[in-house]
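Values quoted throughout were computed directly from the atomic coordinates according to the rules given, and no laboratory measurement underlies them. Values in this document were obtained by computation on a predicted structure and should not be read as measured data. Using ideal geometry, Cβ is built from the backbone for each residue, glycine included, and neighbour counts are taken over all protein chains shown.
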Amino acid sequence: MKTIVIGCLSTCAALALCAAPAPAFAQDEEEASAAASDETAPPADGETYTPDFFARFAPRNALDMLNQVPGFTINQSDQGRGLGQANQNVLLNSERLASKSDSVLDQLSRIPADRVVRIEIVDGAKFGIPGLSGQVANVVTKGGSISGRFEYRAVFRPRYAKPSYGGGEVSVSGSGDNLEWSAAYSHGTGRGGAGGGRGTLIYDGMGNLTETREKLLYFKGEFPQLNARIKWTPPGDTIVNLSATYGRSYTRFVDNEYRHPIGDVDYHRDFKNIDKGYSYDISGDVEFGLGPGRLKLIGIERFDQSDGPATSYYIFDNGSTTLGSRFWTDSKSGERIGRAEFRWDMLGGNWELDGEAAFNRLDRIATFGPLLPNGEFDNQPLPAGGGNVTEDRYESILTHNRTLADGLTLQVGAGAEYSKLSQTGPNGLTREFWRPKGSLTLAWTPEKGLDISLKAARTVGQLSFGTFLATVDLQNNNSNAGNVKLVPQQAWEGELQVKKNLGKWGSATLRGYGQLIEDYIDIIPVPGGESPGNIDGTAKLLGISLNATINLDPLGWNGAKITTSTAYEHTSLPDPLTGQHRPFSGQTYLNHNSTLRWDVPKSNWAFGAGFQSQLNEDYVRLYETGVNYEGPVYTYGFIENKDVFGLTVNLNVFNITSGESINKRYVYGGLRDRSPLIFIEDVKNNVSKIFRIQVKGNF
């Protein structure tokens, strides 16, 4: 395997050398140092925000600053397997934040605010980084002495969920002449809960009430993590980055119901899902001048393990025998990546040739069994739920970036992907796929303060290994049979983005996008029942989004602003049973968030309020349909003081107007297009108010 990776990377570099007789791209030591310093000139196009702009917000770190940039929203797209081309809209010193386990939010939060020189908002295509398009934030930083920062987070709900008092992070960082480093310990927490309210009503297929239920649902999660990073710039033009992350996870989800059948015995249904595990990520890269350009070699090793049971008990008030089931899994997944990126100047433009080899694996053991009279579970192997899934994937893409005219930039990339997908266990298969991929991006600045970006791309999706294997859902009495014949979906994608600087009024970004998807994955009939699989025909998605910041200073309300983001999506696919077109199952079709913030002039106080709403399409399976959503509107407010004995303290109250958790299920006696409706489950539960306190400081 190592020989294959090294061969792939060496071939990539050799091809680039053969294709590039242009003048050298490499910098000498003095030039490289100047390029990394805080004297680097900002790009001619776009907008630049210096620390003075953020002073009224008293930011503690780079993330605090970026969150206040008008009209900009951080994109946290799922990176999937492999590293691939850039797909996030944040750069650090004109370089992508390439990490698989450390999120862009985590990395930005560890950069002290006093090390941020400026933040540039520029169209991504103008950086010449393959895959980057639309509005991108480039965070330019400088070195500094040893310093630290900490953040404390606590969450409390009066009802339904246990409080969290131990969330937060502490980090230390520093830099010298040729070494930058950081170390951090973070403790993430998760809390959720619902109950009370009207509760659950069960109707038969004719609409007659047959049962009522009282529900208590809650979730608790603890996620401690250690992280360390080193950047070394030895004499010459070499740059070396190393990072390591180790984390553990402990989660508990409970869904308990007290059920009251009309004319029958009351009983408790207690469901619990407990999971624990650990993960690590070791990554490194080295970049250096080579021939006419620069070569960057990247290596990543990741591993994740989790195991735990899901149990369901039925306990009857009349003392009848308790019934129950248990589904247990132990999953181990890993990923090994080798990637080479060679870039050079030639024929009046920039070129980059990328080669990547990624090896992914999943090993799962699964058991299932009923509760015996002695109180033990008869756990037996679930053959279809266990097994081994592996993928060996290789890709290579050549990207060209050039300026066509003043304010007009073109980026075009083309390549292909080869993957070998194998599965052991019942009906195991080994298959191979070749897929073309590429993109074309135009970035245009017709006038100062107006940026337009147009992108078209051919993309290849990635499969979730877990969908190959069978699963049992004891909470809703559902199961997936597993599907060994899944193939990756492919899509034609298009995007148009327009960003307008509104001057003293703020900034706005409008984005329209669409996808034509082949082999879309939805629930389909398979031997043994239902499972995710590829549908026939083409699935379609059309979307539009708006992100805007409106300053209220011109109206006389100094220090106040409104930030708003809205996204709407229309989707369509041919239903696997009926052939009729319907929306994607469970797709969020409307998402909105608006916040009013007032930083009181000449004081340390800030106040704010806002609301958010999310609406989902019906989910669709073969034997049932339904809809799940919350709110439908959540409201919140906060108060903040930026200097409480040198600390920033923020108190937030969420769900002020008592939003609810709403779920509806329609369950059929067989396939939903040809079978009678058996019952309807109508759930409406309260979601408690949520109080959050956050304390930030430096040392």
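Looking at the stretch 593-684, which chymotrypsin sites (Phe, Trp or Tyr not before Pro) are in a loop (DSSP not H, G, I, E or B) and have at most 13 other Cβ atoms within 10 Å?
PHE645
So how long is each side of the stretch 603-699 along the principal axes, counting just the alpha-carbon atoms, biggest first, in Å?
That gives 68, 28, 17 Å along the principal axes, largest extent first.
With Cβ to Cβ distances under 14 Å as the rule, what net charge do the other residues near PRO532 carry (K, R +1; D, E -1)? Mind showing how you got there, number by number?
Values: positive: LYS485, ARG621; negative: ASP473, ASP519, ASP522, GLU530.
That sum, taken over residues with Cβ under 14 Å, equals -2.
Please arrange THR578, THR625 by counting, for each residue, the other beta carbons lying within 10 Å of its beta carbon, fewest first.
Numbers: THR578 12, THR625 17.
The order, fewest Cβ neighbours first, is THR578, THR625.
Expressed as a rounded percentage, what relative contact order does the chain have, with Cα pairs under 8 Å and six or more residues apart? Display every interim value, and only then the final one.
On the way: 1962 pairs, mean separation 75.1, N = 699.
After rounding, I find 11 percent.
Classify the stretch 383-466 as rounded, prolate or oblate, taking a ≥ b ≥ c as the square roots of the eigenvalues of its Cα gyration tensor: rounded when a/c is under 1.5, otherwise prolate if a/b is larger than b/c and oblate if not.
In terms of gyration-tensor shape, prolate.
Is the shape of the stretch 119-195 rounded, prolate or oblate, going by the alpha carbon gyration tensor and its root eigenvalues a ≥ b ≥ c, with a/c under 1.5 for rounded and a/b larger than b/c for prolate?
The shape class here is oblate.
Taking K and R as +1 and D and E as -1, what net charge do the other residues with C-beta under 14 Å from the C-beta of ASN698 add up to?
Taking every Cβ under 14 Å from that of ASN698, the sum is +1.
Scan the chain and report its longest stretch carrying no GluC sites (Glu not before Pro) that are both in a DSSP loop and have at most 12 other Cβ atoms within 10 Å.
Looking at the chain, 40-375 is the longest stretch - no exposed GluC sites (Glu not before Pro) with at most 12 other Cβ atoms within 10 Å.
Of all the C-alpha pairs in the stretch 258-364, what % are more than 21 Å from each other? Mind dumping the intermediate values first?
Numbers: 3610 of 5671 pairs.
Counting every Cα pair in the stretch 258-364, those more than 21 Å apart make up 64 percent.
Dipole magnitude of the stretch 535-675 about its Cα centre, charges +1 at Lys/Arg Cβ and -1 at Asp/Glu Cβ only, in debye to the nearest 20?
Numbers: 11 positive and 13 negative charges, 11 e Å.
Value, rounded to 20: 60 debye.
Got the relative contact order for the stretch 413-484 handy, in percent, Cα pairs under 8 Å and 6 or more residues apart?
Worked out over the stretch 413-484, it gives 23 percent.
Please state the shape class of the stretch 418-483: rounded when a/c is under 1.5, otherwise prolate if a/b exceeds b/c and oblate if not, all from the C-alpha gyration tensor. Before the final figure, lay out each step's value.
Values: a/c = 7.23, a/b = 2.08, b/c = 3.47.
Because a/c hits 1.5 or more and a/b fails to exceed b/c, the stretch 418-483 counts as oblate.
List MET65, MET206, MET346 from most exposed to least, where exposure is judged by having the fewest other Cβ atoms within 10 Å. Please list the in-between numbers first.
Working: MET65 23, MET206 8, MET346 16.
Least crowded to most crowded, the residues run MET206, MET346, MET65.
Write down Rg/Rh for the stretch 296-445, rounded to two decimals, with Rg from the C-alpha atoms and Rh from the Kirkwood relation over Cα pairs.
1.27
By what distance, in whole Å, do the Cα atoms of the stretch 185-267 stretch along each of the three principal axes, largest value first?
The Cα atoms of the stretch 185-267 stretch 83, 24, 19 Å along their principal axes.
Measure nothing but the geometry: give the 0 to 90° angle between the long axis through the Cα atoms of 2-18 and the longest principal axis through the Cα atoms of the chain, rounded to 10°.
Computed tilt is about 40 degrees.
Quickly estimate the mean residue ellipticity at 222 nm for the chain, helices only: each DSSP H run with n ≥ 4 gives -39500 (n - 2.57), and the total goes over all residues, rounded to 500.
About -1500 deg cm²/dmol.
State to the nearest 20 debye the size of the charge dipole of the chain about its Cα centre, where the only charges are +1 on K and R beta carbons and -1 on D and E beta carbons.
Computed charge dipole of the chain: roughly 1060 debye.
I need two numbers for the stretch 547-627: Rg to one decimal and Dmax as a whole number, Cα atoms only, in Å.
20.3, 64
Sorted from largest down, what three extents in whole angstroms do the Cα atoms of the chain have along their principal axes?
For the chain, the Cα spread along each principal axis is 84, 63, 45 Å.
What is the order of SER658, SER333, fewest Cβ neighbours within 10 Å to most? Don't jump to the answer; show the numbers that get you there.
Working: SER658 12, SER333 19.
Ordered from fewest to most neighbouring Cβ atoms within 10 Å, SER658, SER333 come out as SER658, SER333.
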